[in-house]
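Here, each number is a calculation from the coordinates, and none is a lab measurement. All of these numbers come straight from a predicted model, not from anything done at the bench. All Cβ positions, even for glycine, are placed from backbone atoms using ideal geometry, and neighbour counts span all protein chains on display.
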Amino acid sequence: TMRSAPKVSVITPSRNCLDLLPTAVSSVEAQSDEELEILVIDDGSDDGTWEWLEKRRRSDPRLRPLRLSGVGPSRARNHAIEQARGRYVAFLDADDLWYSGKLQSQVRYHEANPDICMSFTNYRHVDPRGEDLGDCFSFWPAFSGLAKSSEDFQRLNEALPTLFAENVVGTSTVMARRDALQNASGFDEALHSAEDWDLWLRLAAVGPVAFSGRVLCDYLMRPGSETSKAEARLSALDELI
């Protein structure tokens, strides 16, 4: 039976990440907001991810496994956005994890401020050994000041130029209104890097953005992972401009 529509759809693309995916999923399941669905897209894994998802779904009916054949994270997220039933969509990558209370504080802010089209939080970089590499906002001049000014969510003034100047938005911290994502047509599948940044800029162009300086997510920095491909992001900057 279809249960009533969830409030939040959490979207996690995963490809051969079964060593880390259970930690990500557990960090969502531990959030106190019960009205959610967890859409995990197995994007062509051959490491037993699909079997694990099928088994996990039996113990948590909020889990909705989806299966694609190696289309890449942008198309996988877009596919899940189309399938999502929540009023809000939150993204979490398979190698990241949320802190306790992350979802609840973000949902509460969005519900009190329905005009906000997206929000994001500060996050901590960790290396594969769990070593703390510092929080994101502290690396960026404008945001290092903003991070210390507020514990809770607040509106970001001049969101479009600010987020263009400082690429601070961690995908795994974002919550957006599903209607805003659909109106923006989701992630641009033609971009090979910075397609997340591109989407946040397009959302900031159409509606207000909020952020929290609190660290509410761990972001894994892996040698050779998306996050460390600085040159690809620089070349993508030309396309964004």
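A simple charge model with +1 on the Cβ of Lys and Arg, -1 on the Cβ of Asp and Glu and nothing else charged puts the dipole of segment 1-98 at about 460 debye relative to its Cα centre. Relative to the Cα centre, the charge distribution of the chain, modelled as +1 at Lys and Arg Cβ and -1 at Asp and Glu Cβ, gives a dipole magnitude of about 720 debye. Distance from the C-alpha centroid of segment 145-194 to that of segment 75-101: 14 Å, rounded to the whole angstrom. Here segment 121-241 carries DSSP beta bridges of which approximately 45% are antiparallel, counting only pairs with both residues inside. A dipole drawn for segment 28-86 from +1 and -1 charges on Cβ atoms has a positive end, and of Ala80, Thr49, Ser59 the residue lying farthest that way is Ala80. Near Leu103, once Lys and Arg are set to +1 and Asp and Glu to -1 for all other residues with Cβ below 14 Å from its Cβ, the sum equals -1.
Using Cβ point charges alone (K and R +1, D and E -1), the dipole size of segment 112-215 about the Cα centre works out to roughly 260 debye. Count Lys and Arg as plus one, Asp and Glu as minus one, and take only other residues whose Cβ is under 12 Å from that of Val174; the net charge is then 0. The sum of -39500 (n - 2.57) across all DSSP H runs of n ≥ 4, divided by the residue count of the chain, sets its helix-only mean residue ellipticity at 222 nm to -10500 deg cm²/dmol. Of all DSSP-defined beta bridges confined to the chain, some 30% are antiparallel rather than parallel. Peptide packing for 59-69, 135-145 was compared via the average number of neighbouring C-beta atoms within 10 Å per residue; ordered from the highest value, the list is 135-145, 59-69.
Mind running the shape call on segment 79-134? Use the C-alpha gyration tensor, a ≥ b ≥ c as the square roots of the eigenvalues: rounded below 1.5 for a/c, prolate if a/b tops b/c, oblate otherwise. Oblate, because a/c is 1.5 or more while a/b does not exceed b/c.
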